[in-house]
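A.B. asks: Please read through the structure below; I'll follow up with questions.
The values are calculated or read from the model by the stated rules, or taken from the named source; none is laboratory data. This one's a predicted model, so the numbers in the text were calculated from it and none came from an experiment. Heads up, the Cβs are rebuilt from the backbone with ideal geometry, glycines too, and the neighbour counts pull from every protein chain shown. The protein model used for the area step is the full one, side chains on, heavy atoms only, and it has no ligands, DNA or RNA in it. Shrake-Rupley method; radii C 1.70, N 1.55, O 1.52, S 1.80 Å.
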Amino acid sequence: MKIVTTIKEVREQVAQWRAEGLTVGLVPTMGYLHEGHQSLMQHSVHDNDRTVVSDFVNPTQFGPDEDYESYPRDIQHDAKKCDEAGADLIFLPSVEEMYPGGFCSFVDMNGLTKGLCGASRPIHFRGVCTVVTKLFNIVQPDRAYFGQKDAQQLSVIRRMATDLNQNLKIIGVPIVREEDGLAKSSRNTYLTPELRAEAPVLNRALQKGKAAIEAGETSSEIVRQIITDEINTAPNADIEYVEIVDWNNLEPTPSTEGSILAAVAVRFGTTRLIDNFIIERD
Ligand code: PAF
């Protein structure tokens, strides 16, 4: 496995693979890799001849009061995780490599990004769409892999790839959880032991909501209330949103009967965690 830091090196390596007739998968990450990222890599390794992992804490997707500076970084740890999962190349660019002086072009979206996480993170998806488009242009993969934990991000990237005729397949990969149900996230490391002990309430609450739907509940409002009440049993849980939206357009929906995304964002102290479930119906 190789680690490279320049766009030129990535392009040369991918060109060589292409000349050999090999397919290429891309796993975009911000590093501090965990089993959730390794699951993305394993899917890519399974589907493609070669796998590129990008490891870049992207400044344009963080708001001014967010955790860009303190976001955990550890390349030794990341290299080990990539190696274990069978990745072939890590792209570890500097901020200057991705955003050289004079940079002023962005990819933005009108729909899908205003609600859910977009409501409290107004520039977030513009930064995500911009860096992901740059990575698609740099690597030109056959497939790119995104976790379902960031369900809005997955939906936004699928839409962007369709709208802008980006020539690749976007693959969504199921959430990987800790034994107690907490969705794996690089930000879990911020939690104190007390808050870490409370955080599995998110998955418990979502499971309760899902069970209600499976038992026949069709009112989004009632399911939303079930999820909210359960989260509120945790003394330090500060709810940002509990939403049930149409999975096709991320608009709020009064009924749980179609394809839906149930998504939550909750703060434990200063740590903001998200989780969700999706029910897809024809
Ligand atoms: O999901 C993430 O880690 C980031 O948003 C991504 C897709 C790597 C873009 O920086």
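A.B. asks: Within segment 264-273, which residues are touching a residue at least 60 places away in the same chain (Cβ under 8 Å) and open to solvent by 10 Å² or more (accessible area, probe 1.4 Å)? Break it down into steps so the answer makes sense when it comes.
C.D. replies: Just the residues of segment 264-273 that are touching a residue at least 60 places away in the same chain (Cβ under 8 Å), to begin with: 264-266, 268-273.
Within segment 264-273, G269, T270, R272 meet the criteria.
A.B. asks: If you don't mind, another one. State which residue pairs qualify: first residue on the phi > 0 side of the Ramachandran plot and inside segment 228-251, second residue assigned to a loop (DSSP other than H, G, I, E, B) and among the aliphatic types (A, V, I, L, M) in any location, beta carbons under 8 Å apart, and separation of 6 or more residues or different chains.
C.D. replies: L250/L112; L250/L116
A.B. asks: Testing V95 on (1) within 13 Å of the ligand (Cβ to nearest atom); (2) under 29 Å from F277 (Cβ atoms); (3) surrounded by fewer than 17 Cβ atoms within 10 Å (Cβ to Cβ), one condition comes back false. Which one is that?
C.D. replies: V95 satisfies every listed condition except (2).
A.B. asks: Does segment 139-180 hold any residues that are more than 22 Å from G111 (Cα to Cα), in contact with a Phe, Trp or Tyr (Cβ under 8 Å, 6 or more places away or on another chain) and either without any contact (Cβ under 8 Å) to a residue 40 or more places away in the chain or more than 13 Å from the ligand (Cβ to nearest atom) (or both), and which are they?
C.D. replies: Correct list: empty.
A.B. asks: Based on what the data block shows, is I239 in contact with a helix residue (DSSP H, G or I) (Cβ under 9 Å, 6 or more places away or on another chain), under 25 Å from T113 (Cβ atoms) and open to solvent by 30 Å² or more (accessible area, probe 1.4 Å)?
C.D. replies: Details: in contact with a helix residue (DSSP H, G or I) (Cβ under 9 Å, 6 or more places away or on another chain): yes; under 25 Å from T113 (Cβ atoms): yes; open to solvent by 30 Å² or more (accessible area, probe 1.4 Å): yes.
It is true that I239 is in contact with a helix residue (DSSP H, G or I) (Cβ under 9 Å, 6 or more places away or on another chain), under 25 Å from T113 (Cβ atoms) and open to solvent by 30 Å² or more (accessible area, probe 1.4 Å).
A.B. asks: Do you know which residues across segment 1-33 are under 30 Å from L182 (Cβ atoms) and either polar (S, T, N, Q) or open to solvent by less than 30 Å² (accessible area, probe 1.4 Å) (or both)?
C.D. replies: G25, L26, V27, P28, T29, G31, L33 - these are the residues of segment 1-33 that are under 30 Å from L182 (Cβ atoms) and either polar (S, T, N, Q) or open to solvent by less than 30 Å² (accessible area, probe 1.4 Å) (or both).
A.B. asks: Ok, one more. Working only within segment 104-131, note down all residues that are without any contact (Cβ under 8 Å) to a residue 24 or more places away in the chain and out of contact with any Ser or Thr (no Cβ under 9 Å at 6 or more places or on another chain). Walk me through how you get there before you give the answer.
C.D. replies: Step one: of segment 104-131, the residues without any contact (Cβ under 8 Å) to a residue 24 or more places away in the chain are 104, 108, 110, 114.
Once the filter is applied, which keeps residues that are without any contact (Cβ under 8 Å) to a residue 24 or more places away in the chain and out of contact with any Ser or Thr (no Cβ under 9 Å at 6 or more places or on another chain), segment 104-131 yields C104, N110, K114.
A.B. asks: Now, a different point. Which ones in segment 143-157 are more than 15 Å from L40 (Cβ to Cβ) and either open to solvent by 10 Å² or more (accessible area, probe 1.4 Å) or of a type outside the set (A, V, I, L, M) (or both)?
C.D. replies: Just the residues of segment 143-157 that are more than 15 Å from L40 (Cβ to Cβ), to begin with: 152, 155-156.
Within segment 143-157, Q152, S155 qualify.
A.B. asks: Being under 19 Å from the mean Cα position of the chain (by Cα) and in contact (Cβ under 8 Å) with a residue 60 or more places away in the chain is the filter; apply it to segment 71-86 and report the residue that is nearest to the ligand (Cβ to nearest atom).
C.D. replies: Per the criteria, the residue is Y71.
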